[in-house]
Amino acid sequence: MQMKDSAALVVFSGGQDSTTCLFWALKNFKEVHTITFSYGQKHSQEIEVARRIAMKAGVDFFLQDASFISQIGTSSLTDSSITMDDEKPEGGFPNTFVPGRNMFFLSVAAVYAREHGIHHLVTGVSQTDFSGYPDCRDGFIKSMNLTINLAMDEQFVIHTPLMWLDKAETWALADQLGVLDLVRYETLTCYNGIQGEGCGHCPACRLRAAGLKKYLESRK
């Protein structure tokens with residue numbers, strides 16, 4: 001399937017990674033749509049951030065309720081009674097891991113895409129900076145791609161532009177796409193729901209800030 005003449009659906013949260021992927025898709029596809037999920041996340045402000053960025057980018061914004069995710073699994077991102085892990089525990093996942101999140105997101109996105117004649121899905125997962133989340137790994141994405149193709153007898157392609165990039169390289173890509181300032185100041189990556197540079201101390205903010213510092217220093 002030719003990308004330049006095709007439509008793509010971006011799984012879009014309004015954070016650094018998915019926003020970078022949105023503008024990557026705008027460069028590589030003729031038509032771009034977004035799907036955003038409300039899954040019971042404490043940092044639900046990201047939904048309105050995503051809506052604003054989609055509007056600024058001139059792309060469709062579709063909000064899908066996926067609150068069942070927070071009802072059947074446990075995570076510090078969806079349960080206020082759980083204290084967020086600062087570091088990945090030895091031999092396990094950080095409690096910021098939302099079980100099944102990317103599996104559900106991609107499954108629902110594929111159904112939505114099928115109904116709209118879209119065969120390219122774009123997601124911002126990365127195995128390089130994956131925080132210990134198993135559903136951000138390349139093996140999972142390849143398996144999921146095969147599964148949804150078999151499940152619906154379609155030929156979807158899941159694109160992962162950030163899969164082998166660290167956070168500094170993700171910032172570099174945003175800069176190449178001409179959206180460094182937009183990503184830096186208008187996205188919401190912070191697990192505590194603070195837009196732009198965030199709270200500065202949650203795992204997402206620390207990873208993002210370290211990557212930005214490394215990238216900016218490389219430009220000197």
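The values are calculated or read from the model by the stated rules, or taken from the named source; none is laboratory data. Predicted, not measured: the structure shown is a model, and the values here were computed from it. Note that we place each Cβ from the backbone using ideal geometry, even for glycine, and neighbour counts take in every protein chain shown. For accessibility, only protein heavy atoms count, side chains too; no ligands or nucleic acids. Shrake-Rupley method; radii C 1.70, N 1.55, O 1.52, S 1.80 Å.
Here are a few things to note about the model shown:
- Subset of segment 102-149 that is among the acidic types (Asp, Glu) and at pLDDT below 95 - its residue that is most open to solvent (accessible area, probe 1.4 Å): ASP129
Residues are listed down the side, and each one gets a yes or a no for (1) assigned to a helix (DSSP H, G or I); (2) at pLDDT 95 or above:
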site	(1), (2)
ALA151	yes, yes
LEU162	no, yes
LEU165	no, yes
ALA174	yes, yes
LEU182	yes, yes
CYS190	no, no
GLY193	no, no
GLY200	no, no
ALA209	yes, yes
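- For segment 150-165, residues that are free of Cβ contacts under 8 Å to residues at least 60 places away in the same chain and open to solvent by less than 50 Å² (accessible area, probe 1.4 Å) total 7.
- Candidates VAL125, VAL183, filtered to the one that is out of contact with any Lys or Arg (no Cβ under 9 Å at 6 or more places or on another chain) and in contact (Cβ under 8 Å) with a residue 24 or more places away in the chain: VAL183
- Count - residues of segment 81-100 that are open to solvent by less than 40 Å² (accessible area, probe 1.4 Å), touching a residue at least 40 places away in the same chain (Cβ under 8 Å) and under 15 Å from ARG137 (Cα atoms): 1
Results for (1) open to solvent by 10 Å² or more (accessible area, probe 1.4 Å); (2) free of Cβ contacts under 8 Å to residues at least 40 places away in the same chain; (3) under 9 Å from the mean Cα position of the chain (by Cα), shown as yes or no for each residue.
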site	(1), (2), (3)
ALA7	yes, no, no
VAL11	yes, no, yes
ASP17	yes, no, yes
CYS21	no, no, yes
ALA25	no, no, no
VAL32	yes, yes, no
ILE35	no, no, no
SER38	yes, yes, no
